[in-house]
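Have a look at the structure below before the remarks.
The values are calculated or read from the model by the stated rules, or taken from the named source; none is laboratory data. Fair warning: this is a prediction, and the values are worked out from it, not measured in the lab. Ideal geometry is used to build each Cβ from the backbone, glycine not excepted, and the neighbour counts take in all protein chains shown. Each accessible area value is taken on the protein alone, full model and side chains, heavy atoms only, with ligands, DNA and RNA left out. Shrake-Rupley method; radii C 1.70, N 1.55, O 1.52, S 1.80 Å.
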Amino acid sequence: MMLRRSITLMFVLCLLGTSWGSVYAQAPENNKYFSETGHNVIGDFLKFYNSNPNATFLYGYPITEEFTSKDGKKVQYFQRARFEYRADLPEGQRVQVTSLGSLTYISTGPLNVATNTFACRNYTETGYTVCFAFLEFFDNYGGTAQFGYPISPFEYHENKIVQYFEKARLEWQPWKPEGQRVVVSDLGRVYFDKLGEDIGLIPPVIALDNTPRPSANYRFAPLYGRRSLWQLIHN
């Protein structure tokens, strides 16, 4: 009797091990945990994030998990961006970057900066010009596809020179080394607060890729139905 139970237990554990192994093998591809902020990025959002070689620099780290926002969209917030999932769009286009620049921009008035020089480019779509180091940064990191069109002139916000674009805000940080002084502003948390999202979504969570979890479809289920592991061993 004891031999039978031992053999049965070994058989069940082997089946479970096979199922769990397939989950662990898939986890690195479908999920990534960012210890810097304590959040996971999974599925289509992770694919989109990984598709940009400058993702950390341009989007920052995740500051929430994926969830349904107060505006009814499936989203995930990052330090400098928000991803939203659009099931109505074709595959490969379903993850979109929210237009955080447009949604957070409040004018403080233009700065008196000459924008009619060779170091500037005017965008007739919105009537605004991108110049100097901002233009170099804009071109180097994706242009209108990444940031959208400019929607403001140079302005002064929070003691910094900034310019708003449809999907982001660029800011000038003169204390940094030359070539690193233009950065993307952290508008993810700004819009999170503006929309009144649940603050309980911000604290760190458990890393999914380090949490053992069996497959929902046990391989022995068709053989034994709903009988428990205890019943399998002790019958």
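Here are the numbers:
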item: Sole residue being in contact with a Ser or Thr (Cβ under 9 Å, 6 or more places away or on another chain) and either in contact (Cβ under 8 Å) with a residue 24 or more places away in the chain or assigned to a loop (DSSP other than H, G, I, E, B) (or both), chosen from 101, 92; result: 101
item: Conditions (1) of a type outside the set (Lys, Arg); (2) more than 18 Å from residue 84 (Cβ to Cβ); (3) at pLDDT 95 or above; number of the one not met by residue 179; result: (3)
item: Residue within the stretch 134-145 that is under 15 Å from residue 183 (Cα atoms) and touching a Cys at 6+ places or on another chain (Cβ under 8 Å) present; result: yes
item: Residues that are of a type in the set (A, V, I, L, M) and either under 18 Å from residue 115 (Cβ atoms) or surrounded by fewer than 19 Cβ atoms within 10 Å (Cβ to Cβ) (or both), drawn from the stretch 152-173; result: 161, 162, 170
item: Residues of the stretch 34-67 classified as in contact with a strand residue (DSSP E or B) (Cβ under 6 Å, 6 or more places away or on another chain), open to solvent by 60 Å² or more (accessible area, probe 1.4 Å) and more than 14 Å from residue 81 (Cα to Cα), total; result: 2
item: Tally of residues being open to solvent by less than 60 Å² (accessible area, probe 1.4 Å) and basic (Lys, Arg) across the stretch 68-85; result: 2
item: Residue identified as farther than 22 Å from residue 205 by Cβ, open to solvent by 10 Å² or more (accessible area, probe 1.4 Å) and modelled with pLDDT under 95 among 91, 29; result: 91
item: Contacts under 9 angstrom Cβ, first residue in the stretch 52-68 being free of Cβ contacts under 8 Å to residues at least 24 places away in the same chain and part of a strand (DSSP E or B), partner of a type in the set (A, V, I, L, M) and open to solvent by less than 60 Å² (accessible area, probe 1.4 Å), 6 or more apart; result: 68/75
item: Residue tally, condition surrounded by fewer than 18 Cβ atoms within 10 Å (Cβ to Cβ) and either under 32 Å from the mean Cα position of the chain (by Cα) or modelled with pLDDT of 95 or more (or both), over the stretch 105-115; result: 6
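Per-residue answers, yes or no, for (1) in a loop (DSSP other than H, G, I, E, B); (2) in contact with a helix residue (DSSP H, G or I) (Cβ under 8 Å, 6 or more places away or on another chain):
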| residue | (1), (2) |
| --- | --- |
| 125 | yes, no |
| 134 | no, no |
| 137 | no, no |
| 153 | yes, no |
| 170 | no, yes |
| 179 | yes, no |
| 191 | no, yes |
| 200 | no, no |
